[in-house]
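Q: Got a structure here, written out as C-alpha cells. Questions coming.
Just so you know, all these numbers are worked out from the coordinates, no wet-lab data involved. Keep in mind that what you see is a predicted model, and the values were worked out from it rather than measured. As a convention, Cβ positions derive from the backbone with ideal geometry for all residues, glycine included, and neighbour counts pool all protein chains shown.
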Ligand SMILES: [Zn+2]
C-alpha cells in the first residue's frame, strides 16, 4: 500500500490506527523499512552494487539480495553490467528504473495548471499546461484530456499521482479545504477524483509545502534527520510556507496546515486579509502589498511588479524606498520564525529575490538577534517550477517514504485520542451520551 492510501486509511478509522500504533512494528514493517532504506540509498548513490548496499547498511548480503530482487520484480530498480574498465570482472550495478516506472504530477496555480510525467529520478519527461479552470469539475476534464498527451505506450500505469494546490488542503483526507483564489474548489475530494481518472493512488498537498519537499529531494536530503529549514514563497497576493523538521515535511497534527506564517498577525489594525482577519504578515510583504505601497492608484499586475523590480535595479529612489519598507516587514516575520523554530535555514523564493542584493542587509540588520542566527538565503527558482517539482516528489513519496511507526513516527498522521483524554471526556459525562447513542 502506498503512503497516500495508508495515510487516508489511517484517517478514516482512527480507532484501528490507535491499535496498530500501540502494537508496534511487525516483521513486515521491518522489511518495509529496509526496503525504503535500500531504495533511497540507490537513489542517492546510483549506480551501486549489491555488495556496497550491504556494506553501507550493515545488512546481510542475503537480506539485501532478497529485497533487491523484489524491487527489480516490482519494476523500481534495474540491474545492468557496468562499462568494462581494465581486466577485472565487470560488476552488476543497480539504478532506479526511471524508464518504466513513472509518476504523474498536477500543479494547480492561480492562473496556470501544469501536468507532467516524471521518472523515479524526479526528472520531468513530458509536460502539458492549460489555464486553470474556475471549477474542480472542469479541472478534471482538462486533466483527462492532458493525460492522453503525457501518457505513452511504453508503460501501463503511473505509480502515483501528486497534486499541488494553492491554498489550504486536508492532505490526510485528500480534500481541498479552501483556495482563496479559487473559491469553487472548497471541499472538493481531489485525491479520490484523481485516483478515479488516472487509476493510481493520489495525494494532495499545499503548494508551499511541496516547494519545501522539492528542496529536500533536490538536495538528496529527504528522510535524513538533521536538516531543518523553512521555505517561504513570497507570491503575488500571499506568502506560502513549508516547514521541514528532521528531514520531513511538518504539516501539523491533523495534516491540514502548519507554518502558515503569512497569516501571523503583525499589526491588528492593519489591512484586511483573505483569511478574514486583519494585519497578517502577507498583507505587508506580498508582491501586491509592495506594489500598493508604491502606487496605490494603479491595480497590481505581475507585469507591473516586474517593472517595479527593474526600476529598483536601475536605482530609482522611490522604488528603492518601497522595497526597503518591504524588507523591514520581511525582517519582522523572519525574526518571528527564527524565535519560534530556530531552523538552520530560512529559504526565500519568489520574484523579490531578484533584488536580494539590494534588500538583504536591511532584512538581516533590522530584527535579528545575535544569539539566534538562522541562515537566510534566496532561492532563484520560479514558484511554478517549484510547485511542479514538489508534486513530483509527493507522488514519489509513496515509494520512497519509510512506513510510519509509533506515536511520533509521522508529522502528517492525525493523532488518535490518548487514553487519559478519553478518560477526561468520560468524566465530563460523555460516556453516558455514547452509551445512550449505542443503545
Ligand atoms: Zn490572514
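Q: I'd like to compare 91-101, 70-80: which one has the highest average count of other Cβ atoms within 10 Å, and what's the full order after that?
A: Values: 91-101: 17.5, 70-80: 15.8.
In decreasing order of mean packing, 91-101, 70-80 become 91-101, 70-80.
Q: I've got another one for you. So what are region 230-337's ellipsoid semi-axes, whole angstrom, largest first, if each one is the square root of 5 times an eigenvalue of the alpha-carbon gyration tensor?
A: 27, 16, 12
Q: For region 23-99, how big is the tail of P(r) above 20 Å, as a whole percent of Cα pairs?
A: Summing the P(r) tail past 20 Å for region 23-99 gives 31 percent.
Q: While we're on this one: Taking square-rooted eigenvalues a ≥ b ≥ c of the alpha carbon gyration tensor, is region 55-95 rounded, prolate or oblate, where a/c under 1.5 means rounded and, failing that, a/b exceeding b/c means prolate? Display every interim value, and only then the final one.
A: Numbers: a/c = 3.00, a/b = 1.45, b/c = 2.06.
Oblate, because a/c is 1.5 or more while a/b does not exceed b/c.
Q: Taking the Cβ-Cβ separation of residue 28 and residue 81 as r and a Förster radius of 51 Å, what is the calculated FRET efficiency to the nearest 0.05?
A: Calculated transfer efficiency: 0.95.
Q: Would you mind calculating the gained length between residue 253 and residue 324 on full extension (0.36 nm times residue separation, minus the Cα-Cα distance), in nm to one decimal?
A: 21.9 nm
Q: Mind giving me the FRET efficiency for residue 304 and residue 70? R0 is 41 Å, r the Cβ-Cβ distance, nearest 0.05 is fine.
A: 0.15
Q: Which of the peptides 25-31, 309-315 is most tightly packed, and how do the rest follow, going by the mean number of other Cβ atoms within 10 Å of each residue?
A: The packing order, highest mean first, is 309-315, 25-31.
Q: Report the label-to-label distance for residue 293 and residue 89 in nanometres (one decimal), using points 7 Å from each Cα along the Cα→Cβ vector.
A: Here the modelled spin labels are 6.8 nm apart.
Q: May I pose another question? Rounded to the nearest 0.05, what FRET efficiency is calculated for residue 274 and residue 140 with R0 set to 35 Å and r the Cβ-Cβ distance?
A: Between residue 274 and residue 140 the formula returns 0.90.
Q: Quick check on packing: order 325-334, 338-347 by the mean number of other C-beta atoms within 10 Å, highest mean leading.
A: Ranking, from highest mean packing down: 325-334, 338-347.
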